[in-house]
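Since the structure comes first, as structure tokens, the remarks are kept for the end.
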Amino acid sequence: MHLFLMIGLVAFSIMAVLSRDLLRSAINLAVASIFLAIIFFRMNAVYAGVFEVSVVAGLITVLFITAIALTRGDQEVVENKRHLLIFPLFFLILVIIDILVMKNLLGKIPAMVSSETGTFGEVLWKQRTFDLIGQIGVIFAGVLAVLALFRQGEKNHHGGKE
Amino acid sequence: MNNMWILNMGFVALLICTGLYCLLTMKNMVKLLIGVEIIAKGITLALIASGYARDNMLVAQSLAITVIVVDVAVIATALAIIISINRHTKSLDVRKLTKLKG
């Protein structure tokens with residue numbers, strides 16, 4: 001089951017890259033996120049799974065679809081058609097290298113065990129407080145950047161009309 | 001448990017390389033962001049898989065959530081920049097960004 005989910009995740013990610021239609025790419029990416037969230041739930045990472053479903057599969061997909069809708073109707077970007085030939089070759093070589101490297105690592109890494117105590121809230125708020133402050137800073141910076149970019153765009157738009 | 005971690009890391013490598021391939025070869029700006037998103041997925045999976053192998057899920061989850069939040073801020077800003085560029089060049093092609101005219 002775990003292997004099937006992983007293969008689904010990689011397959012949908014590849015479809016998102018190779019798909020010609022941007023809307024299909026965004027939807028494939030959302031499906032890959034759902035696969036990743038199921039993997040997280042199976043690994044007992046409930047909070048990360050919830051974030052993955054709600055934020056990545058939900059919010060980022062909405063952002064992508066909005067951006068695609070706002071930029072649609074303009075010239076289509078001509079991608080190189082050789083991708084359909086090159087990518088399978090690249091991926092095959094990658095899988096072979098991956099299998100060889102991982103096969104060599106089997107059994108060589110010692111068991112890693114270190115159990116921790118407390119709840120998720122305690123770890124997030126007490127141990128990782130600096131990360132939270134950084135997150136707040138990044139979100140504010142993002143909001144200000146988006147506001148500045150759109151305001152500048154509107155000014156140029158009005159200037160063009162006059 | 002350890003062999004499962006190695007299996008997970010194999011898939012993480014596949015995801016990151018797929019994202020890098022997308023970043024290196026695609027010309028569409030939205031596709032480039034999709035590549036960044038795939039790399040972020042790989043990194044989140046690596047964090048959670050390592051936490052699972054080490055029985056250290058709480059710290060791994062809090063780090064994964066940090067990555068997800070930063071990723072959202074990056075994607076939102078990048079999409080706003082792409083829309084702004086699209087208003088000027090009327091295209092999503094990165095090759096058209098080489099001509100900078102004032």
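Since every read-out is calculated from the coordinates, none of them should be taken as a lab result. Fair warning: this is a prediction, and the values are worked out from it, not measured in the lab. We place every Cβ from the backbone using ideal geometry, glycine too, and count neighbours over all the protein chains shown.
The table for this structure:
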read-out	value
q = 0.17 Å⁻¹: log10 I(q)/I(0) that the Debye formula gives for the protein assembly as shown, counting C-alpha atoms only	-1.33
Size of charge dipole - the protein assembly as shown - debye, nearest 20, with Cβ of Lys, Arg +1 and Asp, Glu -1, no other charges	840 debye
Estimated [θ] at 222 nm from DSSP helical runs (n ≥ 4, -39500 (n - 2.57)) normalised by residues in chain B, nearest 500	-29000 deg cm²/dmol
Inverse of mean 1/r across different Cα pairs in chain B, Kirkwood, Å	15.3 Å
Computed over chain B: relative contact order in percent, which uses C-alpha pairs under 8 Å that are six or more apart	27 percent
Estimated FRET transfer efficiency when R0 is 25 angstrom, pair A:Leu105-A:Met15 (beta carbons, to 0.05)	0.30
Residue range of chain B that is longest and free of trypsin sites (Lys or Arg not before Pro) which are both DSSP loop and sparsely packed (at most 13 other C-beta within 10 Å)	B:1-89
For region A:1-74: relative contact order, % (alpha-carbon pairs under 8 angstrom, 6 or more apart)	29 percent
Rounded to 10°, Cα long-axis angle of helix B:29-53 versus longest principal axis of chain B	10 degrees
All Cα pairs of region A:1-68, percent lying beyond 15 Å	50 percent
